[in-house]
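Comments concern the structure below.
The values are calculated or read from the model by the stated rules, or taken from the named source; none is laboratory data. None of these values were measured; they are calculated from a predicted model. Every residue, glycine as well, gets a Cβ built from its backbone with ideal geometry; the counts of neighbours run over all protein chains shown.
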Amino acid sequence: MILTLSCPDRRGIVAAVSAFLLERNANISDAQQFGDASTATFFMRVVFAPDDGDAEPALRAAFAPLAERFEMDWTLRGPEPRKVMILTSRFDHCLADLLYRWRIGELPMDLTGIVSNHPRHMIGHVDLGDLPFHHLPISPADKPAQEAQLLRLIAETGTELVVLARYMQILSDDLSARLAGRCINIHHSFLPGFKGARPYHQAHARGVKVIGATAHYVTAALDEGPIIEQDVERISHRDTPEDLIRKGRDIERRVLARAVRRHLEDRVLLHGAKTVVFED
């Protein structure tokens, strides 16, 4: 099981959590913590094997009084894979990479479906197998209705995480708020940077020496959500815009995959406009 928590920083938090698990004969296999001095906030992630007699509901009920005493914002999750829905448009590289990693067991998730604003035959060279596919076309006039359909799908399937794998649509403020903390986007730039259309052409025109990608949680502020993962790659004056696009695809794939995996493993804790990410 994985316990994550954040709370006002004070003495005795680690001791109290460790004592709680010891009293229940749980075995801790990994523990990480961080105290943010600037905000006096404490963060912790603990992986443990419970005693055979302890079920998740019982542990949750037993831990609640301790969490209340320390004013914790906490989660306790078992080993079951999270339910994930992937949204995509016509760019297929991030979708193909996520599906490959899922099929080989690298990403522990239960895929509830693939959603696209384009028909299935227009999503490039991706083998969707028998995964549920939902074509939800969108136009400015029917965007609220399309997003209502999407929300129904999320609710009906019990989806816990939505991944925007180059889904080339801007979510409304209302939808962004409803998915707060459980929707990850991949941005084709090292934020803050070249925003908007044709970012690689903008970068080429400016003669940049590195390009990058950023995975972040979606918020109403476009491309301003809490950052989970970033990476860069060096380029040279010899690179064309097409070279930048090719290299950018590689960065986007690995950055999004790392962000999704860290979320699935409860390694990401929100901290206002930022995140605390416990590395593996």
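Go through (1) among the hydroxyl-bearing types (Ser, Thr, Tyr); (2) over 17 Å from His271 (Cα atoms); (3) surrounded by fewer than 11 Cβ atoms within 10 Å (Cβ to Cβ) and name the single condition Ser18 misses.
The one condition Ser18 does not meet is (3).
List every residue pair whose Cβ atoms sit under 6 Å apart, with the two residues 6 or more apart in sequence or on different chains, where the first one lies in the range 130-144 and is within 18 Å of Arg90 (Cα to Cα) and modelled with pLDDT under 90 and the second, anywhere, is part of a loop (DSSP other than H, G, I, E, B) and aromatic (Phe, Trp, Tyr).
Short answer, once both residue conditions are applied: none.
Which condition breaks for Ile138 when tested against (1) surrounded by fewer than 15 Cβ atoms within 10 Å (Cβ to Cβ); (2) in a loop (DSSP other than H, G, I, E, B); (3) out of contact with any strand residue (DSSP E or B) (no Cβ under 6 Å at 6 or more places or on another chain)?
It is condition (1) that Ile138 fails.
Kindly list the number of the only condition in (1) crowded, with 17+ Cβ neighbours inside 10 Å; (2) more than 22 Å from Lys83 (Cβ to Cβ); (3) among the charged types (D, E, K, R) that fails for Asp266.
All conditions pass for Asp266, except number (2).
Return yes or no: is Ala62 within 26 Å of Arg10 (Cβ to Cβ), aliphatic (A, V, I, L, M) and more than 25 Å from the chain's Cα centre (by Cα)?
yes
Would you please name the residue that is surrounded by the fewest Cβ atoms within 10 Å (Cβ to Cβ), looking only at residues in the range 6-15 that are of a type outside the set (Val, Ile, Thr) and out of contact with any Ser or Thr (no Cβ under 8 Å at 6 or more places or on another chain)? Break it down into steps so the answer makes sense when it comes.
Kept after step one, since they are of a type outside the set (Val, Ile, Thr), are these residues of the range 6-15: 6-12, 15.
Keeping just the survivors that are out of contact with any Ser or Thr (no Cβ under 8 Å at 6 or more places or on another chain) gives 10-12, 15.
Numbers: Arg10: 11, Arg11: 7, Gly12: 10, Ala15: 9.
Among those that are of a type outside the set (Val, Ile, Thr) and out of contact with any Ser or Thr (no Cβ under 8 Å at 6 or more places or on another chain), it is Arg11.
Among residues belonging to the range 189-211 that are surrounded by 21 or more Cβ atoms within 10 Å (Cβ to Cβ) and in a loop (DSSP other than H, G, I, E, B), point out the one that is modelled with the highest pLDDT.
Within the range 189-211, the match that is modelled with the highest pLDDT is Ser189.
Take the range 138-168 and flag every residue that is of a type in the set (S, T, N, Q) and either outside the structural domain of Leu256 (by TED's automatic domain parsing) or within 15 Å of Ile114 (Cβ to Cβ) (or both).
Of the residues in the range 138-168, the ones of a type in the set (S, T, N, Q) are 139, 146, 149, 157, 159.
Correct list: Gln149, Thr157, Thr159.
Okay, residues lined up against (1) among the acidic types (Asp, Glu); (2) within 29 Å of Ile170 (Cβ to Cβ); (3) touching a Ser or Thr at 6+ places or on another chain (Cβ under 9 Å):
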| site | (1), (2), (3) |
| --- | --- |
| Val46 | no, no, yes |
| Asp51 | yes, no, no |
| Ala58 | no, no, no |
| Ala64 | no, no, no |
| Gly78 | no, no, no |
| Leu87 | no, yes, yes |
